[in-house]
Amino acid sequence: MRTHIRATRLLASVVVLLLAGCFKLSRQAPQLKQYVLSGASQQGAFGDTVRSAAGGNATVPARAGLVIGLRRLDLATYLNEPAIVVRRGVNELVLSEFHRWGGDLDEGINRAVAAHLAGTPPVKAVDVAPWHARARHDYLLQLHVSRFEGVADSAASDGRIHMLAGWDIIRALDGAVLLRASTDDRGGSFRVGDYTGLVTGLDAALARLARDIGACLARFPNDSTPPASCASVTGVGGVGR
């Protein structure tokens with residue numbers, strides 16, 4: 001009798017182990033994927049320079065134009081984490097555990113905008129904070145990013161890109177804000193679940209933001225007098241003071 005009980009217990013243990021092994025094999029965790037904002041494809045298109053005290057200088061031919069100092073980014077708190085955000089409906093934020101930014105998002109956005117901005121005609125070079133103490137700038141630029149995400153309804157298979165960024169053009173000499181504007185970009189789309197497409201769309205939105213800023217900088221008559229308005233600058237979502 002005891003031998004029968006021992007055999008039954010042993011068989012039960014073997015079955016449990018086999019089931020546990022099958023469960024682990026069938027429920028493998030999804031692979032973690034990390035993404036970066038490029039902006040690099042625009043660099044060099046106009047003989048531009050993106051400069052960083054931490055990352056060194058890109059060596060390219062010098063040209064006439066503005067030197068811009070890009071300050072540290074002001075990023076909305078809910079975006080300041082590794083997970084890529086998709087907004088469902090009005091109030092729900094979906095943060096993917098397995099699709100993340102490959103670095104600090106605020107630094108990634110700044111680098112991408114700098115590369116795109118350095119490719120606009122009025123700009124000679126962009127210094128990304130922190131810059132060298134002896135760096136001299138025609139203007140400083142401050143970005144305030146409050147939306148940077150995909151947006152999709154709960155049952156939707158397609159979503160749209162939403163980037164909302166305020167930007168201040170600042171006189172380097174005394175820190176006076178010469179112009180305050182914003183770009184509300186909703187021009188891109190992506191397939192829900194396609195994070196590569198989502199990141200590509202967000203990168204394109206940053207390129208359009210840089211074009212808005214560059215077009216506005218081109219309207220400045222000198223380092224102390226802002227244009228009457230940048231409202232006529234073209235850009236997806238428009239620009240307003």
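Selection within region 37-70: residues that are at pLDDT 65 or above and in a loop (DSSP other than H, G, I, E, B). The member of this set that is farthest from the chain's Cα centre (by Cα) is G65. Restricting region 136-156 to residues that are outside any loop (DSSP other than H, G, I, E, B) and more than 17 Å from the chain's Cα centre (by Cα), the residue that is farthest from L178 (Cα to Cα) is A152. Exactly one residue out of A133, A204 is over 19 Å from L73 (Cβ atoms), aliphatic (A, V, I, L, M) and either free of Cβ contacts under 8 Å to residues at least 12 places away in the same chain or not in a strand (DSSP E or B) (or both): that is A133. For region 130-160, a residue qualifies if it is of a type in the set (A, V, I, L, M), buried (at least 16 other Cβ atoms within 10 Å of the Cβ) and under 27 Å from R219 (Cβ atoms), and the qualifying residues are L140, L141, L143, V145. For A155, the stated conditions hold: it is without any contact (Cβ under 8 Å) to a residue 24 or more places away in the chain and closer than 21 Å to I84 by Cβ.
Would you say D74 is more than 17 Å from G214 (Cα to Cα), modelled with pLDDT of 95 or more and assigned by TED's automatic domain parsing to the domain that holds L202? Yes, satisfied. Does region 85-108 include one or more residues that are over 29 Å from G193 (Cα atoms) and at pLDDT 95 or above? Checking region 85-108: not a single residue is over 29 Å from G193 (Cα atoms) and at pLDDT 95 or above.
The values are calculated or read from the model by the stated rules, or taken from the named source; none is laboratory data. What you are looking at is a predicted structure, and each value in this text was computed from that prediction instead of being measured. Note that we place each Cβ from the backbone using ideal geometry, even for glycine, and neighbour counts take in every protein chain shown.
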